[in-house]
Amino acid sequence: MIPDQSFGDFELAGWEDESTVAEYDRHLSLVTTQSVEALLDDAHLSSGHEVLDVATGAGYVAAAAARRGARPVGVDFSATQVRLARERYPSIRFEQGDAQALPFDADTFETVVIAFGLCHLPNPDIGLREAFRVLKPGGGVAFSVWDMPERSVGMGALYAAIRAHGSLDVGLPAGPNFFLFSSPEQSTKALRAAGFDSPTFRQVLQVWRHSNPDQLFAMMATGTVRAAATLRAQSFRAREAIREAVREAISAYRRADEYEVPMPAVVAAAVKPRR
């Protein structure tokens, strides 16, 4: 990390790294894609809709929208992610752009969705206001984030282990709380503040299946940005203690020959008022 690097620059540098993107795509996307259909449902996506997939990553949500007959556009700040999405889904339009300054005119889309991207923004409230701006009146927005850490066991186990055996204060640029929108109160408040009406909020069950109890730690250390940087900053002794604590926590979820770790999402949605 560069001293005095901003949170936005820190996140962008992390998600431009090809190995990080590949590891996320190989492992964590197996979990995050489990809530895609709920995200599109709650955004009231219909066939023929122009839909913007913000923080599109490898384009999973945009592709799911296209399968429903919508006309998606994916946008991501990472050129690496945009290249991957274009390679995987060549018939879909993907653009590089900032979620806090979307490169689209006002009142362009019937639907905007943001899957697990909101807390990667330096200012999520600006991201929601941008979603509001580019939506047509009457259009729907929906975003997904991780549920609270006590329910999203993989995330909770990792951060509990870091607090117990290491430190979360390792000099990373300050960004939004990773679980900022995991509560219905905060999500509803943020959507209303951005101008939306009729907010909804629900949990969506997801399960992370592993072949061994060390797989989750390994993935977090190689296929994420903020968590991986936090782990790299620990001492060797602390890192090994964190690894062992995560292993012990995950071992409780062994089912036959694999580990089934609860990793629920929450989906919040709302509507832009008609003029």
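For this structure, a couple of remarks:
- Residues of segment 23-55 that turn out to be in contact (Cβ under 8 Å) with a residue 40 or more places away in the chain and assigned to a helix (DSSP H, G or I), as a count: 16
- Pair list, Cβ < 6 Å and 6+ apart or interchain, from segment 196-225 residues that are in a loop (DSSP other than H, G, I, E, B) to residues that are of a type in the set (A, V, I, L, M, F, W, C): PHE196/ALA270; GLN206/VAL31; GLN206/MET263; GLN206/ALA265; PRO213/ILE250; GLY223/LEU28
- Subset of segment 248-275 (residues that are out of contact with any Gly (no Cβ under 9 Å at 6 or more places or on another chain) and buried (at least 18 other Cβ atoms within 10 Å of the Cβ)): TYR253, TYR259, PRO264, ALA265, VAL266, VAL267, ALA268
- Within the set ALA245, ALA238, the sole residue that is at pLDDT 95 or above, among the small types (Gly, Ala, Ser) and either assigned to a loop (DSSP other than H, G, I, E, B) or crowded, with 19+ Cβ neighbours inside 10 Å (or both) turns out to be ALA245.
Okay, residues lined up against (1) of a type in the set (A, V, I, L, M); (2) farther than 24 Å from MET263 by Cα; (3) under 15 Å from the mean Cα position of the chain (by Cα):
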site	(1), (2), (3)
PHE10	no, yes, no
TRP15	no, no, yes
SER19	no, no, no
TYR24	no, no, yes
SER29	no, no, yes
THR33	no, no, yes
ASP41	no, no, no
LEU45	yes, yes, no
GLU50	no, yes, no
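- Sole residue being surrounded by 20 or more Cβ atoms within 10 Å (Cβ to Cβ), farther than 17 Å from GLN100 by Cα, modelled with pLDDT under 95 and not aromatic (Phe, Trp, Tyr), chosen from GLY154, GLY166, GLY140, GLY171: GLY154
- When each of VAL207, VAL225 is tested for being in contact with a helix residue (DSSP H, G or I) (Cβ under 6 Å, 6 or more places away or on another chain) and aliphatic (A, V, I, L, M), the lone residue that passes is VAL225.
- Applying the set (1) out of contact with any Phe, Trp or Tyr (no Cβ under 7 Å at 6 or more places or on another chain); (2) surrounded by 23 or more Cβ atoms within 10 Å (Cβ to Cβ); (3) of a type in the set (Ser, Thr, Tyr) to SER187 leaves exactly one unmet item: (1).
- Top-ranked residue of segment 80-129 - restricted to ones that are of a type in the set (Asp, Glu) and more than 19 Å from the chain's Cα centre (by Cα), ranked as surrounded by the most Cβ atoms within 10 Å (Cβ to Cβ): GLU110
- Residues in segment 174-185 that are among the polar types (S, T, N, Q) and within 15 Å of the chain's Cα centre (by Cα) were compared, and the one that is farthest from ALA99 (Cα to Cα) is SER182.
The values are calculated or read from the model by the stated rules, or taken from the named source; none is laboratory data. Keep in mind it's a predicted model, so treat the numbers as computed, not measured. FYI the Cβ positions are ideal-geometry reconstructions off the backbone, even for glycines, and counts take in every protein chain you see.
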